[in-house]
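The next block holds one structure in the form of structure tokens; read it before the comments.
The values are calculated or read from the model by the stated rules, or taken from the named source; none is laboratory data. None of these values were measured; they are calculated from a predicted model. Because the Cβ atoms are built from the backbone with ideal geometry, glycine has one as well, and the counts that use them run over all protein chains shown.
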Amino acid sequence: MSLFTRANPSTDTTPEGPSEASSEVPSSQGQAVTEATDAADTAVEEPAAEAPAEPAAEPEAGPATEKPAASADEPDTVAEAPAKATTEATTEATDAPEATEAEQTAPKTAPKADWRTRRPIAARNLGWAATALSALVVLVALQMPNTFGNLRITEFLRLPAEAIVGAVVLLAMPRRPRVITAACIGAFLGAVTVVNLLDMGFVEFLGRHFNVLLDWALLSDARSYLTDSFGAVGSIAATIGVVVLVLLLLVGTAFATVRLSNVLARHNTVATKATLIAGTVWITCMSLGLTVGGVPIASDHTAGVVKVHARRVSDTLHDEAEFKELAKNDPFAKTPGDQLVPDLRGKDVIFTFIESYGRSAIEDPIMSPGVDQTLADQTQALTDAGFAAKSGWLTSATYGGSSWLGHSTFLSGLWINNQQRYRTLVNSDRLTLPEVFRRTGDWRTVGVMPGVQKSWPEAKFYGLEKNYAAKDLGYKGPKFSWSTMPDQYTLEAYQRLEHGRKQAKPLMSEIILTSSHQPWAPLPKTVPQDELGDGTVFNAIQKAGKDPKDVLYNAPEAKAEYGKSIQYSVTSLIDWLTRYGTDDTVLVFLGDHQPMSRVSGSNASRDVPVSVVAKDPKILDKIADWNWTDGLRPAHNAPVWKMSAFRDKFLTAYGSTPHP
């Protein structure tokens with residue numbers, strides 16, 4: 001019968017003799033195993049006599065009951081023969097121990113039915129789901145925008161030309177090349193998605209797009225920022241999450257593309273027709289300019305992204321050579337020291353950068369009331385102390401971060417808007433503002449950099465004879481998120497270490513104030529001057545402050561706390577000036593860049609305020625033709641210069657003679 005079949009004898013022996021398996025056991029054991037196997041096969045093939053009551057035996061026993069001459073006593077009945085054979089086979093199998101082992105082994109090694117065979121509906125549904133998920137992954141990757149502003153559902157309802165072209169290519173290929181090509185296309189699509197996500201982050205925090213040639217090094221800085229702001233555990237968790245996400249994107253898009261290519265190949269005719277229809281629809285939508293939700297239905301988004309990045313790479317490569325030549329063109333490069341800034345002789349000149357101090361702090365309706373009041377109060381404090389100020393606007397080379405680009409632009413007179421230009425600059429002999437003062441021989445040049453926590457070889461390039469990093473300022477208090485110490489302490493340390501000491505020469509100082517660095521939580525507060533000490537007084541203030549996570553990702557809260565941080569930094573600086581400034585003090589302070597777009601706004605400018613403060617009226621008279629606004633708050637329509645223009649204007653205003 002069809003349910004039971006005898007094993008093929010050829011598996012045990014061959015026409016020429018025993019099989020290799022049989023020859024490996026002694027002859028007596030081999031005979032016993034063979035007999036036991038035959039007996040077991042007979043028993044499996046003829047089960048009716050052992051279990052006559054089972055339904056499977058009825059077709060064989062049925063005909064015997066229809067013969068009236070037959071009885072149970074007749075030795076030649078139809079039912080007796082199989083019963084007798086079965087009994088003998090069972091006896092032989094019992095007498096041979098190997099037979100029992102063979103019987104027990106046979107069911108275990110028998111192949112089991114595949115789960116797809118056992119559950120065909122579930123298998124089919126799972127296959128459909130996997131294909132649908134693969135299509136979704138590929139379509140999302142193809143349409144992924146590179147800014148948060150474009151992250152909306154209509155972007156993913158478009159018809160991508162890249163999918164149509166990819167289908168045409170894969171349909172025309174044989175299996176092996178098709179699978180390899182599909183995997184490569186998928187991995188490339190995953191890489192483009194990673195770059196789009198990086199673009200989102202860069203636009204959100206730095207106000208510019210990711211440069212695939214230059215910006216990978218900034219990821220290390222981002223990790224350091226996370227460590228400083230959210231702790232080592234948060235930084236490690238975020239890093240692991242990013243690595244896992246990148247791997248999932250690369251592998252997931254590759255697998256998804258391969259699966260879709262297999263589906264296309266299995267349904268070649270239907271897929272070919274569907275691809276032709278999709279191409280026709282795409283051309284029609286493109287020709288007619290059809291849109292959905294204001295977004296064109298016909299899309300070539302990924303091709304456009306690749307084209308933009310390729311152009312950016314090309315521009316970057318060409319820019320390097322052009323910038324090297326530009327850096328050599330310095331009108332003051334050969335000016336003798338005695339002809340540099342003669343009108344500032346005898347003055348203590350201080351250049352101070354306030355972190356993230358941008359136009360938005362002064363003009364944004366949410367932040368400006370508090371900041372404007374602070375600027376008004378501090379302008380009055382300056383007046384009461386005998387100082388005066390003029391203020392204008394500078395357009396920074398950076399936005400939301402990368403402060404060193406703003407610093408180098410201001411000090412060198414060159415537009416330093418990327419890391420490549422920065423590296424080229426610091427390896428050149430370009431004349432910077434600190435170097436100008438050092439070259440005269442009439443000033444001692446020092447830097448106060450609480451944000452520097454590692455070695456900083458650039459100090460030599462800038463012309464700083466002495467630089468105080470965070471570890472050199474004697475601070476024993478807590479960090480305030482990224483900021484290593486409050487601005488009040490930084491300025492007091494400068495007073496203790498340099499400004500308050502008797503000097504053989506006037507000072508030219510560069511000071512970086514960091515308390516207004518994102519994430520603006522927790523924020524320091526001004527403490528009585530006689531309690532400042534080594535900074536441990538800030539422990540309780542830091543513990544009582546807000547959690548960075550509660551501020552940075554809450555736009556209204558971030559705006560409010562950012563505004564408070566600017567008020568604190570400006571107040572700390574002017575308090576120091578009115579307390580320790582003299583008739584010979586000249587202060588130039590400015591912002592290095594705007595805060596990130598979540599605070600400054602998606603369409604904010606790159607402008608930052610800049611102010612010149614002095615007691616000596618001649619200092620401000622020298623810049624009267626700049627038409628800046630009196631006081632610390634520049635008017636909305638005050639002159640706006642590129643930040644790179646300040647160096648030459650400043651040197652010229654104070655008597656420097658160009659010698660290209």
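Annotations
- Strands (runs of 3 or more DSSP E) within region 549-660 that include 1 or more residues within 38 Å of the chain's Cα centre (by Cα) and farther than 15 Å from Phe351 by Cα: 607-614, 640-642
- Residues of region 600-622 classified as crowded, with 24+ Cβ neighbours inside 10 Å and at pLDDT below 90, total: 1
- Helices (runs of 4 or more DSSP H) fully within region 281-386 counting 1 or more residues that are of a type outside the set (Ser, Thr, Tyr) and not assigned by TED's automatic domain parsing to the domain that holds Thr582: 301-328
- Scope region 577-599; condition out of contact with any His (no Cβ under 7 Å at 6 or more places or on another chain) and closer than 17 Å to Ser516 by Cα; matching residues: Phe589, Leu590, Gly591, His593, Gln594, Pro595, Met596, Ser597, Arg598, Val599
- Of the set (1) under 30 Å from Arg223 (Cβ atoms); (2) at pLDDT below 90, all apply to Val295 but (1).
- Meets criteria (in a helix (DSSP H, G or I), crowded, with 16+ Cβ neighbours inside 10 Å and without any contact (Cβ under 8 Å) to a residue 12 or more places away in the chain) for Thr227: yes
- Check on Ala389, over 30 Å from the mean Cα position of the chain (by Cα) and surrounded by 23 or more Cβ atoms within 10 Å (Cβ to Cβ): yes
- Residue list for region 627-660, restricted to those being in the same structural domain as Ala388 (by TED's automatic domain parsing), surrounded by fewer than 17 Cβ atoms within 10 Å (Cβ to Cβ) and more than 13 Å from Val341 (Cβ to Cβ): Asn627, Asp630, Ala635, His636, Asn637, Pro639, Val640, Trp641, Lys642, Ala645
- Only listed residue being more than 19 Å from Ile185 (Cβ to Cβ), surrounded by fewer than 17 Cβ atoms within 10 Å (Cβ to Cβ) and among the aliphatic types (A, V, I, L, M), chosen from Val246, Val242: Val242
- Qualifying residue in region 189-198 (condition: part of a helix (DSSP H, G or I), closer than 30 Å to His267 by Cα, outside the structural domain of Gly451 (by TED's automatic domain parsing) and not hydrophobic (A, V, I, L, M, F, W, C)): yes
- Restricting the search to helices (runs of 4 or more DSSP H) fully inside region 392-501 and requiring at least 2 residues that are touching a residue at least 12 places away in the same chain (Cβ under 8 Å) and under 22 Å from Ala333 (Cβ atoms) gives 403-412, 419-426, 433-440, 458-462.
- Matching residues in region 398-423 - criterion: being crowded, with 24+ Cβ neighbours inside 10 Å, among the aromatic types (Phe, Trp, Tyr) and under 17 Å from Gly207 (Cα atoms): Tyr399
- Hits in region 385-442 (condition: touching a strand residue (DSSP E or B) at 6+ places or on another chain (Cβ under 8 Å), more than 25 Å from Pro658 (Cα to Cα) and among the aliphatic types (A, V, I, L, M)): Ala388, Ala389
- The set of residues in region 138-188 that are of a type in the set (A, V, I, L, M), outside any helix (DSSP H, G or I) and more than 17 Å from Arg266 (Cβ to Cβ) comprises Met144, Leu151, Leu159.
- Looking at Leu189, Leu142, Leu157, just one residue is within 26 Å of Glu204 (Cβ to Cβ) and modelled with pLDDT under 90, and that residue is Leu157.
- Condition met for Gly451 (over 31 Å from the mean Cα position of the chain (by Cα) and either modelled with pLDDT under 95 or crowded, with 22+ Cβ neighbours inside 10 Å (or both)): no
- Considering Lys454, Lys502, Lys466, the condition of being of a type in the set (D, E, K, R) and either touching a Gly at 6+ places or on another chain (Cβ under 8 Å) or not assigned by TED's automatic domain parsing to the domain that holds Arg359 (or both) is satisfied by Lys466 alone.
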